[in-house]
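Q: I'd like to ask you about the structure that follows.
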Amino acid sequence: MFADVELERALATVSQRLNDQRVDAFGPQAVQELVDEALGGEHKLTVDDGGGLHDQSGARVGAIRRTDTGEWITERQNESAYRSDAAIPAKPPDED
C-alpha cells in the first residue's frame, strides 16, 4: 500500500520532469519509471496508457494530462467521480 504523501510525490515528480524536459507525447513506460523513481524504486502505483495512475487494488488515484498550451499537469483522482474505480486495462497476450 502507499501513503498520500507518496502519491503527491509521484504526481509532483511526473509533472515537473515532463515540463522540464518539454516532453511532447505521453509515454506510459517512461512515466512509470518516473513514478517508480519517485517512490524509491518501488512499484506501488501503475501508469496506464491513458494517463491514469492506479494503486495496487486497481483503483484510479491520479491522472496525468497535457493542457492545450502544452503544459503537463497531474491531479489526484476525485474518488466520487464516475468510473473512478475502473480497473487497469489488461495488456493483450503476446501472440507468437
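The values are calculated or read from the model by the stated rules, or taken from the named source; none is laboratory data. Not measured: the values here are computed from a predicted model. With ideal geometry, Cβ positions are generated from the backbone for all residues, glycine too; neighbour counts draw on all protein chains shown.
Quick grid of which residues meet (1) without any contact (Cβ under 8 Å) to a residue 12 or more places away in the chain; (2) over 20 Å from T67 (Cα atoms); (3) surrounded by 17 or more Cβ atoms within 10 Å (Cβ to Cβ); (4) not basic (K, R):
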| position | (1), (2), (3), (4) |
| --- | --- |
| T13 | no, no, yes, yes |
| A25 | yes, no, no, yes |
| A30 | yes, no, no, yes |
| L39 | no, yes, yes, yes |
| V47 | no, no, yes, yes |
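Q: Please enumerate the residues belonging to region 45-96 that are over 26 Å from R22 (Cα atoms) and modelled with pLDDT of 85 or more. Walk me through it before giving the result.
A: Taking region 45-96 first, the residues over 26 Å from R22 (Cα atoms) are 55-59, 78-96.
Listed by number, the residues that qualify are D55, Q56, S57, G58, A59.
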